[in-house]
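The block underneath contains the structure these notes are about, expressed in structure tokens.
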Amino acid sequence: MNKQQLASKIWESANKMRSKIEANEYKDYILGFIFYKFLSDKEEETLKSMNLSGDLKIVTEENERIVQAMQNKIGYFISYDNLFSTWLSKKSDFDVSDVRDALSAFNRLINENYKRVFEKIFDTLQTGLSKLGDNSKSQTKAISDLIYLIKDIPMTGKNNYDVLGFIYEYLISNFAANAGKKAGEFYTPHEVSQLIAEIVAHHLKDRDKIEIYDPTSGSGSLLINIGNSVSKYIKDPNKIKYYAQELKQNTYNLTRMNLIMRGILPDNIITRNGDTLEDDWPFVYEDNESDEYKPLLIDGVVSNPPYSQNWNPQDKEADGRYKDYGLAPKAKADYAFLLHDLYHIKRDGIMIIVLPHGVLFRGGEEKEIRKNLIEKNKIDTIIGLPANIFFGTGIPTIIMILKNKTEDTDIQIIDASKGFIKEGKSNKLRARDIKKIVDTVINRTDVDKYSRIVSREEIRDNDYNLNIPRYIDSSEEEEIFDIYASMYGGIPKEELNRFNNYFKVFPNLKNDLFKKLNEKYFELKKDNIYDFIKNHKDIQNYKSKFENIFSDFGEYLYNELIDNLMVIDVHSEENKISNDIFERIDKISLLDKYKAYQILDDEWSKILIDIELIQTEGFSTCNKVDPKIELKRKNGKEEEVQVGWQGRIIPFELVQEYKLPDEVETIKEIKNKLEEISLFYQETIDSLSEDDKEELKDLLNDNNDSFINVNVIKKAKKISKEPQYNKELDKKIIKISKLIEKEKKLKKELRIKEIELQKHSKEAIEKLSESEIKDILEIKWIEPILKNINKLIEELINIFCKNIEKLSKKYDCTLMSLEKDITSTGEELALLINNLVGDEFEMKGLNELKLLLNGGNNEK
């Protein structure tokens, strides 16, 4: 299984196993056991590298040489009895007490120099074991299920750290989605983390080494994502130092686990369990005997603190973090967190914080702090995010970027609130949304209805109110109606001008499509707008230009992804390809390059999984076939059952298309025949009258929508023994009976052919040559990208045609023509009334109606 499949399998099983335990709590147990397995496997790997793994039974506390070697090498020691692999080998002898003993021993055997990293890291797991069952037996069963569930997660080596990290993040994300309001305490959505990480990474990209800090670290995902983004520029991961502080003990443990499991050296992990606002941290000399306090200055500080929570500002006027700006109100600590972060960035550093939208415009103490930040030139960028993108809250939020700016007094304001995709009840930033925001921040560009560089003078004029709608109108253009055109027809020049960006690119189209009536109005020359526009020479030239620009794009992708497969830098390759796409699109107007980026990213997420597997296991893994496993109920229990085979890299569907097209076609023909039979059944039932259905009630199911095969065959045999059966209904039964027999044979043949195809597909993958594998990888990886990017042109032209047609129809039916139609119809109706007869009152009413229809003229 690839990492996506393994993560999905573990999540599905874990979510069922947690039963009535809240997702917010259960995450601590499964993630705790994953971390223990990581430490255990790490020790075994270290023992192996020191040639000490021959007999693991000698790995005991009594063997001081091994204990010291492990403590010096990895910072802790786990005895043989307490290794994760030993738990697995015990099977029926395993007991919850083994876990309690192991966790107690671990805390006791940590190297003194590594206490900060490892001490009490399993406290949440240890105290929560009793919640996994009502007694020792049920707790043991629950733990056994958990450790067997996670036993296949790879835990050692660089590539395996990536798989482990992916699974860890995947599980935290899913637990957060199920944890309601509690989710905000430990998880920042991956997309928001990625957005922040990309901005920070770009700002710090030219540094040899960096330090990053999150004072409300949660699960540590924000720091991890920055580390991943920075790795595009800093190739040595040991050049990144991570600082993290978290108030809640169990969440603090998640931070440490997450950082450690990414293969980060313990010396580069500096964490603290404490209250960020009450007790400033980090600071220099904290480990020395000196009492001198000096705040540690960091390259990048990021945080997603709890929104608008209470805090205690008493006696903090002189606190270095706040004294130059002011104190946040007691009921809203948002600016207290911001000022803490700002206090810890270097002169050339960057800080990014997620806050509720209200910090931009609330008055009182917050306005004073906002004014000081603006006047001291600290706020660099404000990004308005979509509502409902954080777990547990739907309130609108913003990202604020602060720097120690010296000359530039402007503030960039971005309204990114419209860019998202809806997933269930939540909104989610897409890759294209993230890329657009990051590019806008980096290039500091003005984009209509999206971003503006706002002067400090304008902000002063607005009394330091930074509410985004004051500076950016991102609303859709309102529909307008031209009075003259509504009365007399024609297309207003003002409305046609909205398409000027198209007409600049298609210079002859406007004159060929529209006739000028006067200075202000046009009319359409052509009837079939779609056909005319699509076949116009300007459109054809535009498409040809696009095709020329992208003519060698497939070749470029083949060289990047297939020729250089084994040396691809997975951290930077997508960015490299996207830059190439952007360079091409910049040569042709109108196309949205961020739509193209989304196409790349959608495919890249799949390609990346394959590349990581191939780079880890070698090119020969493309010839590997794995059992296809599904969960099925057996004897009241769910069990894993093999239901066939699947290619590790090469999908069966592609190898079948490439090597076994005749077999695929045969199966397709059988399925078509079965579909025809099924349709005939349905048509026959639909043709039956209610009397027929009553007569055949024993042959139809309760819903009268399908035949009961056994009964149909019996009835047919009975009918066929009769000398004559000319009745139409009997003929239908005989025909259905024959089709049932035919269907049975076809289904048997289909099963045989599908089993054969599975077998031949497996054999074909195992025998593929290197060149054949490359051909199939081209189909799998490259063709979808090319196909979908080519669709961008058709999509753009279709939208243009649709909008032109909509505009042309807008004034088709004028009020003048409506008035004529009404008058004419009224006169016709009045003449018809003359032929009607009735009593005195009816005739009086008809005369009044005739008067109304004739516009008050009784003579008509």
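The values are calculated or read from the model by the stated rules, or taken from the named source; none is laboratory data. All of these numbers come straight from a predicted model, not from anything done at the bench. In this analysis, Cβ positions are derived from the backbone assuming ideal geometry, glycine residues included, and neighbour counts consider all displayed protein chains. To get the accessible areas, we keep the full protein, side chains included, count just its heavy atoms, and leave off ligands, DNA and RNA. Shrake-Rupley method; radii C 1.70, N 1.55, O 1.52, S 1.80 Å.
Can you name the residue in the range 107-129 that is hydroxyl-bearing (Ser, Thr, Tyr) and under 26 Å from Ile21 (Cα atoms) and is also most open to solvent (accessible area, probe 1.4 Å) among such residues? Spell out the reasoning first.
Kept after step one, since they are hydroxyl-bearing (Ser, Thr, Tyr), are these residues of the range 107-129: 114, 124, 127.
With under 26 Å from Ile21 (Cα atoms) added as a condition, the list becomes 124, 127.
Values: Thr124: 31, Thr127: 104 Å².
Looking at residues that are hydroxyl-bearing (Ser, Thr, Tyr) and under 26 Å from Ile21 (Cα atoms), I get Thr127.
Answer with yes or no whether Ile345 is closer than 21 Å to His202 by Cα and crowded, with 23+ Cβ neighbours inside 10 Å. Even if it seems obvious, please write down each step before you answer.
Numbers: closer than 21 Å to His202 by Cα: yes; crowded, with 23+ Cβ neighbours inside 10 Å: no.
Judged against the criteria, Ile345 is not a match.
I need the full set of residues from the range 763-797 which are exposed (fewer than 14 other Cβ atoms within 10 Å of the Cβ) and not in a helix (DSSP H, G or I), in order please.
Hit for the range 763-797 is Ser769, nothing else.
Can you run down the residue pairs with Cβ atoms below 6 Å, 6 or more apart or on separate chains, where the first is in the range 584-602 and within 15 Å of Val505 (Cα to Cα) and hydroxyl-bearing (Ser, Thr, Tyr) and the partner is at pLDDT 95 or above and open to solvent by 30 Å² or more (accessible area, probe 1.4 Å)?
Correct list of pairs: Ser589/Val505.
Any residue at all in the range 283-291 that is small (Gly, Ala, Ser) and at pLDDT 95 or above?
No, because not a single residue in the range 283-291 is small (Gly, Ala, Ser) and at pLDDT 95 or above.
Within the range 564-596, work out how many residues are within 22 Å of Asn501 (Cα to Cα) and surrounded by 14 or more Cβ atoms within 10 Å (Cβ to Cβ).
12
Report every pair of residues separated by at least 6 positions or lying on different chains whose Cβ atoms are under 7 Å apart, first residue within the range 20-33 and β-branched (Val, Ile, Thr), second open to solvent by less than 10 Å² (accessible area, probe 1.4 Å) and in a helix (DSSP H, G or I).
Ile30/Ala14; Ile30/Leu146; Ile30/Leu171
Quick test for you: out of Leu222, Leu247, Leu171, Leu254, pick the one residue that is without any contact (Cβ under 8 Å) to a residue 40 or more places away in the chain and on the phi < 0 side of the Ramachandran plot.
Leu247
Condition (residue is touching a residue at least 12 places away in the same chain (Cβ under 8 Å), aromatic (Phe, Trp, Tyr) and not in a helix (DSSP H, G or I)) applied to the range 498-520: is it met by at least one residue?
The answer is yes; a qualifying residue exists.
If you go through the range 202-225 one residue at a time, do you hit one that is part of a helix (DSSP H, G or I), open to solvent by less than 40 Å² (accessible area, probe 1.4 Å), over 24 Å from Gln598 (Cα atoms) and not β-branched (Val, Ile, Thr)?
Among the residues of the range 202-225, at least one is part of a helix (DSSP H, G or I), open to solvent by less than 40 Å² (accessible area, probe 1.4 Å), over 24 Å from Gln598 (Cα atoms) and not β-branched (Val, Ile, Thr), which makes the answer yes.
Output the number of residues of the range 83-106 satisfying the condition of being under 39 Å from the mean Cα position of the chain (by Cα) and open to solvent by less than 50 Å² (accessible area, probe 1.4 Å).
Adding up the residues that qualify gives 11.
Looking at the range 435-463, which of its residues are under 20 Å from Asp473 (Cβ atoms) and either in contact with a Pro (Cβ under 9 Å, 6 or more places away or on another chain) or hydrophobic (A, V, I, L, M, F, W, C) (or both)?
Across the range 435-463, the qualifying residues are Ile437, Val447, Ile453, Val454, Ile459.
For Glu612, which of the numbered conditions (1) in contact (Cβ under 8 Å) with a residue 24 or more places away in the chain; (2) not in a helix (DSSP H, G or I) fails to hold?
With respect to (1) in contact (Cβ under 8 Å) with a residue 24 or more places away in the chain; (2) not in a helix (DSSP H, G or I), Glu612 is out only on (2).
Could you count how many residues in the range 437-478 are basic (Lys, Arg), open to solvent by less than 70 Å² (accessible area, probe 1.4 Å) and closer than 27 Å to Tyr597 by Cα?
Residues of the range 437-478 that are basic (Lys, Arg), as a first pass: 444, 449, 452, 456, 460, 470.
Within this subset, residues satisfying the condition of being open to solvent by less than 70 Å² (accessible area, probe 1.4 Å) are 444, 456.
Of the ones still in play, those that are also closer than 27 Å to Tyr597 by Cα are 444.
Within the range 437-478, residues that are basic (Lys, Arg), open to solvent by less than 70 Å² (accessible area, probe 1.4 Å) and closer than 27 Å to Tyr597 by Cα number 1.
Any idea how many residues of the range 108-137 are part of a helix (DSSP H, G or I) and more than 39 Å from the chain's Cα centre (by Cα)?
Taking the range 108-137 as the starting set, the residues that turn out to be part of a helix (DSSP H, G or I) are 108, 112-118, 123-132, 136-137.
If we keep only those that are more than 39 Å from the chain's Cα centre (by Cα) as well, we get 108, 112-113, 136-137.
Final tally of qualifying residues: 5.
Could you grab me the full set of residues in the range 146-160 that are open to solvent by less than 60 Å² (accessible area, probe 1.4 Å) and either part of a loop (DSSP other than H, G, I, E, B) or not hydrophobic (A, V, I, L, M, F, W, C) (or both)?
Ile150, Ile153, Pro154, Met155, Thr156, Gly157, Asn159, Asn160
So if I check each of Leu338, Leu355, Leu277, Leu327, which one is open to solvent by less than 10 Å² (accessible area, probe 1.4 Å) and either assigned to a loop (DSSP other than H, G, I, E, B) or not aliphatic (A, V, I, L, M) (or both)?
The unique qualifying residue is Leu277.
Is there a residue in the range 719-741 that is closer than 30 Å to Ile773 by Cα and touching a residue at least 60 places away in the same chain (Cβ under 8 Å)?
No, that holds for no residue.
So, restricting to strands (runs of 3 or more DSSP E) that lie completely within the range 370-480, which ones have at least 2 residues that are within 30 Å of Gly218 (Cβ to Cβ)? Before you say what the answer is, go through the steps one by one.
Values: elements: 379-384, 397-402, 411-415, 421-423, 426-428, 451-454.
Where strands (runs of 3 or more DSSP E) fall fully within the range 370-480 and carry at least 2 residues being within 30 Å of Gly218 (Cβ to Cβ), they are 379-384, 397-402, 411-415, 421-423, 426-428.
For the range 521-558, how many residues are more than 17 Å from Ile577 (Cβ to Cβ), touching a helix residue (DSSP H, G or I) at 6+ places or on another chain (Cβ under 7 Å) and open to solvent by 30 Å² or more (accessible area, probe 1.4 Å)?
7
Could you tell me which of the residues Thr188, Thr255 is at pLDDT below 90 and under 26 Å from the mean Cα position of the chain (by Cα)? Before the answer, list the steps.
Details: Thr255 fails: at pLDDT below 90.
When all the criteria are applied, what remains is Thr188.
Restricting attention to the range 38-53, and to residues there that are closer than 14 Å to Trp87 by Cβ and open to solvent by 10 Å² or more (accessible area, probe 1.4 Å), which single residue is nearest to the chain's Cα centre (by Cα)?
Ranking the candidates gives Asp41 first.
Each row is one residue, and each column tells you yes or no for (1) in contact with a helix residue (DSSP H, G or I) (Cβ under 6 Å, 6 or more places away or on another chain); (2) modelled with pLDDT of 95 or more; (3) within 30 Å of Tyr322 (Cβ to Cβ).
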residue: Lys371; (1), (2), (3): no, yes, yes
residue: Glu407; (1), (2), (3): no, no, yes
residue: Gln412; (1), (2), (3): no, yes, yes
residue: Lys436; (1), (2), (3): yes, yes, no
residue: Asp439; (1), (2), (3): no, yes, no
residue: Asp448; (1), (2), (3): no, no, no
residue: Glu457; (1), (2), (3): no, yes, yes
residue: Glu477; (1), (2), (3): no, no, no
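Of the residues in the range 687-734, how many are under 16 Å from Ile677 (Cβ atoms) and assigned to a helix (DSSP H, G or I)?
Total meeting the criteria: 8.
Scanning the range 232-252 for residues that are among the hydrophobic types (A, V, I, L, M, F, W, C) and touching an Asp or Glu at 6+ places or on another chain (Cβ under 7 Å), which turns out modelled with the lowest pLDDT?
Looking at residues that are among the hydrophobic types (A, V, I, L, M, F, W, C) and touching an Asp or Glu at 6+ places or on another chain (Cβ under 7 Å), I get Leu247.
Taking the residues in the range 481-497 that are open to solvent by less than 70 Å² (accessible area, probe 1.4 Å) and outside any loop (DSSP other than H, G, I, E, B) as candidates, determine which candidate is nearest to Asp448 (Cα to Cα).
It comes out as Asn497.
Is it fair to say Phe390 is among the aromatic types (Phe, Trp, Tyr) and surrounded by fewer than 22 Cβ atoms within 10 Å (Cβ to Cβ)?
no
Taking the range 62-82 as the search range and keeping residues that are in contact with a Leu (Cβ under 7 Å, 6 or more places away or on another chain) and assigned to a loop (DSSP other than H, G, I, E, B), which one is farthest from Asn113 (Cα to Cα)?
Ile78
Considering only the range 295-303, I want to know if a residue exists there that is surrounded by fewer than 20 Cβ atoms within 10 Å (Cβ to Cβ), more than 27 Å from Asp415 (Cβ to Cβ) and modelled with pLDDT under 95. Write out each step before concluding.
The first filter runs over the range 295-303 and keeps only residues surrounded by fewer than 20 Cβ atoms within 10 Å (Cβ to Cβ), leaving 295-297.
Then keep just the ones that are more than 27 Å from Asp415 (Cβ to Cβ); that gives 295-297.
Right, trim to modelled with pLDDT under 95 and you get 295-296.
Among the residues of the range 295-303, at least one is surrounded by fewer than 20 Cβ atoms within 10 Å (Cβ to Cβ), more than 27 Å from Asp415 (Cβ to Cβ) and modelled with pLDDT under 95, which makes the answer yes.
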